[in-house]
Amino acid sequence: MIHSALQRFLCPWYKLRAKTIFRDLSCMAAGSSLQKELFNRMDRSTHLIVLASPEAAHSGGMQLEANHWFSRLRGDGQVLIIVTDGEVKSWEDIREKLVPPAVRSNLASEPLWIPLQHRRSEILANPNSLELHALLVEDLKQVLLRLHAPRSWEELHGEERPQKRRALTIIWTLALVFLGLALAAGGFAFYAQRQKNAAIQSAAEAKRQQYIAESRALAAQAEETVRRDQAAALNLAVKAWQAARTAEAHTAVANSFPQVSAVLQGHTDKVLSALFSPDGQRIVTARWDGTARVWNASSGQLLATLQGHTDNVPGNLLFVRLCHSIGGFPPPMMMGSIGLLESTVTEYLINVILSKCFWCLVIEVLVSTV
């Protein structure tokens, strides 16, 4: 901390140090010749600062440095003593107990010495304290005056304050600039995100409009096709409804759906089943009262009433699917040959369903228990 306080006093904001304080071996470059580099550094120095302590009095390295320093003609005022440890009260005590022999024997008069041993525990406990750094600057005032001669302490302090103000101004200016840049970056990011969201919404809306257009086009095709091919029209109308649930698609589905062609009226009890004849011209219905009725599929006119059963019609319903590749209608004896018809069979109806590649014959046999 003493080293930092001496170097950074009056240090401009754009520099690391105001004065270069060479601190023996710790300041030398790696791989250099230690003794040669040490002596070169000392020869370029204007002051020798000795950190006096009981350990320094017996240090071989400090003895070597002191011998080389005093081997050249230098004034006594260039040696500065800073006491870092030890119980001493005078220069005589310092000379006898805290400095190497070369310093002791070569100083003809009492040098400038500063007692700092009272700060030792604070420095070791909190070496990065700014408050302690300011106290050290005051304690080292005389040393700093020698290093920055010939200016007075008032002049040095007068120069230090503007430097601090300039440094603070620059720091605050840079902070405001960075804050402005951060705000600008945030604003641009927010604007970019809004643009991205708007683009996504626009794309979604364009897609929705495309589906609506497809739905309306399919609905229009269904309306055109319904009179020629009701099944194809219904298929187109359903696709239109799947594309988008537009009013046009709803209308097309309603118009293409099979309409009521006739109403069968006459039964007074529950109707159990209703089946078409193979040619689609007649419909037979059965109810719980044991009767069956035959109707005209186009007009809904009652053609015949079948009576005589003692149980409801049908009693059992069997489904047999026969695929006939040539599209013919199987005769009654064919059904007997497959063992489905017995003497209890009173009537049968066959509904033919047309597929793409063959006739699929669904034979629905009404079996009575008579």
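The values are calculated or read from the model by the stated rules, or taken from the named source; none is laboratory data. Values in this document were obtained by computation on a predicted structure and should not be read as measured data. Here the Cβ is made from the backbone with ideal geometry for all residues, glycine too, and neighbour counts use every protein chain on show.
Can you tell me which of LEU174, LEU145, LEU181, LEU168 is in contact with a helix residue (DSSP H, G or I) (Cβ under 7 Å, 6 or more places away or on another chain) and surrounded by 10 or more Cβ atoms within 10 Å (Cβ to Cβ)?
Details: LEU174 fails: in contact with a helix residue (DSSP H, G or I) (Cβ under 7 Å, 6 or more places away or on another chain); LEU181 fails: in contact with a helix residue (DSSP H, G or I) (Cβ under 7 Å, 6 or more places away or on another chain); LEU168 fails: in contact with a helix residue (DSSP H, G or I) (Cβ under 7 Å, 6 or more places away or on another chain).
Answer to the selection: LEU145.
Kindly indicate which of ILE114, ILE94 is modelled with pLDDT of 90 or more, at negative phi and in contact with an Asp or Glu (Cβ under 8 Å, 6 or more places away or on another chain).
Answer to the selection: ILE114.
Looking at (1) within 60 Å of the chain's Cα centre (by Cα); (2) surrounded by fewer than 14 Cβ atoms within 10 Å (Cβ to Cβ); (3) assigned to a helix (DSSP H, G or I), can you tell me which one GLU122 breaks?
Exception for GLU122: condition (2).
Failed condition for GLU159, given (1) assigned by TED's automatic domain parsing to the domain that holds TRP69; (2) more than 16 Å from ALA5 (Cβ to Cβ); (3) among the acidic types (Asp, Glu), with all others met?
Going through the list (1) assigned by TED's automatic domain parsing to the domain that holds TRP69; (2) more than 16 Å from ALA5 (Cβ to Cβ); (3) among the acidic types (Asp, Glu), GLU159 breaks only (1).
In segment 315-337, is there at least one residue being β-branched (Val, Ile, Thr) and modelled with pLDDT of 50 or more? Quick ask: steps written out before the conclusion?
Looking only at segment 315-337, we keep the residues that are β-branched (Val, Ile, Thr), and these are 320, 326.
Filter once more, so that each one left must be modelled with pLDDT of 50 or more: none.
There is no residue in segment 315-337 that is β-branched (Val, Ile, Thr) and modelled with pLDDT of 50 or more.
With respect to ALA134, is the statement that it is of a type in the set (A, V, I, L, M, F, W, C), exposed (fewer than 12 other Cβ atoms within 10 Å of the Cβ) and closer than 23 Å to HIS3 by Cβ true? Full working, then the answer.
Working: of a type in the set (A, V, I, L, M, F, W, C): yes; exposed (fewer than 12 other Cβ atoms within 10 Å of the Cβ): yes; closer than 23 Å to HIS3 by Cβ: yes.
It is true that ALA134 is of a type in the set (A, V, I, L, M, F, W, C), exposed (fewer than 12 other Cβ atoms within 10 Å of the Cβ) and closer than 23 Å to HIS3 by Cβ.
Condition first: farther than 17 Å from SER53 by Cα and surrounded by fewer than 13 Cβ atoms within 10 Å (Cβ to Cβ). Now tell me which residues in segment 106-119 satisfy that.
Within segment 106-119, ALA108, SER109 meet the criteria.
Of the conditions (1) in contact (Cβ under 8 Å) with a residue 24 or more places away in the chain; (2) of a type in the set (A, V, I, L, M, F, W, C); (3) more than 14 Å from ALA213 (Cα to Cα), VAL260 clears all except one; give me its number.
In the conditions (1) in contact (Cβ under 8 Å) with a residue 24 or more places away in the chain; (2) of a type in the set (A, V, I, L, M, F, W, C); (3) more than 14 Å from ALA213 (Cα to Cα), VAL260 misses (1) alone.
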